[in-house]
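For reference, the structure discussed in these notes is given below.
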Amino acid sequence: MSSKVAKKKRELSPAVWYEVIGTPFFLEEEKQRDQLLNDFATEIKSHKYTVAWAIGKKTQIEIEEGYLRNSTESKFYLGFLEQDEKPILFKYINRHNTLPEPRKEIDYVTDTYIKFKDGTYGQVVWLAGFEKLVLEGILSVIYPLDISPSQTEVFLEVTTDDGSGKFEQRFRSYLGSILSRSARYIAHTNISSNLLELKNNADDLQSRINEGKQPIAIRGFVTVIDNDISSLEAATEKVQFQLNRFGVKTKLLKKIHFIFYQLKHDRFHAYWKYTTNNYAALLYPFGVFRIEEQDSIFLGYDRISGNPIYINPWLTGIWKTNPHGLITGLSGSGKTTTAGVLIYRAVKKYDPYIYVIDPMNNFSKFFQKFEIPAKIITLEKEKPMGLDPVKIAMNSGGVLSINDFVGILLSSYNIPPQGRGFVKKELESSENTEEAVDRICQKDAEICKYAQDMVTGYDRNIWAGEGIDFVSKRIVINLGDMPDYMRKIVMTLLTASTRATLNRIDRKSYKPVLMDEAHRIFDDESSAYFVEKLYREGRALHASTWTITQSIRDYYYNQRTETILTQAETQILMNHDGSEKDALQKAGLNDEEIEFLTNNPGRGQGILRLGSIKTFVNVTLTEKELEVLRTE
């Protein structure tokens, strides 16, 4: 009897699973997509064996009470052989020591499909080969949304070590055998198209290995599940068509495919393909179909997928690092309605503080129609407004200084630049603006010619009177009829007052700040400074600042407005004039997106940018909201 004991083949079965965070891969900026692919390539070469498992399910979301909409839900997992292994670059949500998604019980298997005991049916597609060029992220877009099966699964296995210690040797032997065999056939001019393709792939692999890429073996399967056989077959055909179209060869597996659904095939089974880690990373399967931030509110629908879009104005750390936003577009594009319904939905969801600077009186009626409790204040040039910069600075708790206001006063009243230091000194040593002007006129007749305009006519009402009481939880401030220069000063001082108020509110409370017609103060850096300050400092205060303008060009007035644009990581871009194409391109939109925005896309239609991702959005009112707006 032989003393040799046969070594049992070890099954490839992950001992630990991690649920990882997906991304809307094809909505990402190109640079971000490249980074995702690089991270995936690094991840799979850092483990002996890796499983990437992506599951998409049809689901329904309740947009409002009693109103459901079809959508898709995705979950993504990385699996490894050893308990102490974990992802090195991917953020994970949960850790599992057993299979995180239970397998359906199989009733029977035919030549064409699996019948499960719960009454559903399944088919398994083998990823049989890969062309030299494949669409980056191809496994992220196989879900056939126009057919919508109940479930799809992508199961991708990658191994860099087969346990024998001879993985790389076998890999090179594989390449050598193909090259040797093809050379013999080429010598007799009798090479088949299949062998020629193998040779070309081997040549490419050899060059990649010579460049230092990691050799790997890969195999993958896609399982499609649905409640009806006809729908299942149609969905599977669509999946195969999509894969074949973009460089992945497929084959529908027959009787044995239940093994692959159950994930019980061992490591020495067939269907492995040799390639490199960088090439395998191009298949990237962790793409989500639905844009939904955590604890979010409904915005509208993705025009491409038809899925609902949910955003959280305060959330950071997933796709964006700042909670601020902007809405921009021509009159009639739906800016006010978009901002209004976001406020209404935020009130229902979060019960936040709200501050609205409303120079054209667009929002007070909205608040009244939707019965949002708020203090509505109208400032008029004939009445004292109480916006004294000296008092605002004094009462700001150190958040603002007199120096912050000097620029807007100099520019608004044409005070010569050489008077800056003098004006600042007198403001700092006075109890209010009127006292400061008196002191200026006593000491410098030249500067007085300009400064006295601050306390004559209607201008005196800007600083006169008691300050606005910002203690109410929700405040909408309208501006009555007044000259444009006065409107700019008032909007600027209201912005400063809002910033000072935020510092006095519990930091844990949600605080949206909305400024309509913000372009009216953007052209002056000394005014834009206060808006920029809200964008820069609001995150730490749990404040989400939003500005509304008529064009993306308004954010390119100066360095401060460009900072605002950078900080506004939730952007809703609507209808633009055709002359704005250069500004839209500068903002990072591609030709297709620019054409869409400059060809009158329709009310509520636009581009949503959420950090590094962007998509076409249809901002949508629910039935209840429409009913409210129809009521006069």
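Rule-based calculations on the coordinates, nothing more; no lab input. Please read all numbers here as calculations on a predicted model, not as lab measurements. For neighbour counting, all protein chains shown are included, and Cβ atoms are generated from backbone atoms with ideal geometry for every residue, glycine included.
Quick look at the numbers
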quantity	calculated
Phi to ³J(HN,Hα) by Karplus 6.51 cos²θ - 1.76 cosθ + 1.60 over segment 345-356, Hz, x for Gly, Pro	5, 5, 4, 5, 7, 10, 6, x, 5, 9, 10, 10
Coordinate range along principal axes, alpha carbons of segment 389-459, Å, largest first	34, 23, 21
Rough spin-label spacing in nm, given labels placed 7 Å along Cα→Cβ, for residue 414 and residue 227	7.4 nm
Theoretical FRET efficiency, 1/(1+(r/R0)^6), r = Cβ-Cβ of residue 101 and residue 442, R0 60 Å, to 0.05	0.15
Length gained when the stretch residue 92-residue 244 is fully extended (0.36 nm per residue, less Cα-Cα span)	51.6 nm
For residue 623, net neighbour charge (Lys/Arg +1, Asp/Glu -1) across residues whose Cβ lies under 11 Å away	-2
Largest to smallest principal axis extent of the C-alpha atoms in the chain, angstrom	116, 54, 50
The chain, helix-only ellipticity at 222 nm - DSSP H runs n ≥ 4, -39,500 (n - 2.57), divided by all residues, nearest 500	-10500 deg cm²/dmol
Dipole magnitude of segment 535-632 about its Cα centre (Cβ charges: Lys, Arg +1; Asp, Glu -1), debye to nearest 20	320 debye
In segment 61-115, lysine pairs with alpha-carbon atoms under 18 angstrom apart (chain gap of 8 or more, or interchain)	4
Under 5 Å, built H, 5+ apart or other chain: amide partners of residue 151	58, 225
Convex hull (Cα only) mean projected area of segment 327-456, reported in nm² to one decimal	10.8 nm²
Cβ-based net charge around residue 310, under 15 Å, with every Lys or Arg adding one and every Asp or Glu removing one	-1
Isotropic mean projected area of the C-alpha convex hull, segment 522-624 (nm²)	7.6 nm²
Shape of segment 285-368, Cα gyration tensor, a/c cut at 1.5	prolate
Assigned charges on the beta-carbon of Lys, Arg, Asp, Glu; the chain dipole about Cα centre (debye)	2840 debye
3J(HN,Hα) from dihedral phi, segment 96-101, Karplus parametrisation 6.51/-1.76/1.60, rounded to Hz, x for glycine, proline	10, 9, 10, 4, x, 10
Built amide H within the under 5 Å cut-off of residue 276, gap 5+	216
Cβ-Cβ FRET estimate between residue 472 and residue 624, R0 fixed at 35 Å, reported to 0.05	0.85
More than 17 angstrom apart: percent of Cα pairs within segment 507-574	35 percent
Under-5 Å amide H pairs with residue 617, H placed in peptide plane, nonlocal only	303, 606, 607, 608
Neighbour net charge for residue 460 - beta-carbon separation under 12 angstrom, K R +1, D E -1	-3
Zone of residue 64's modelled label, taken as backbone nitrogen in segment 365-381 under 17 Å from a point 7 Å along Cα→Cβ	366-373
Rounded FRET efficiency, nearest 0.05, which uses the C-beta distance separating residue 504 from residue 46 and R0 of 56 Å	0.70
Gain upon complete extension [residue 13, residue 581; 0.36 nm per residue less C-alpha separation]	199.1 nm
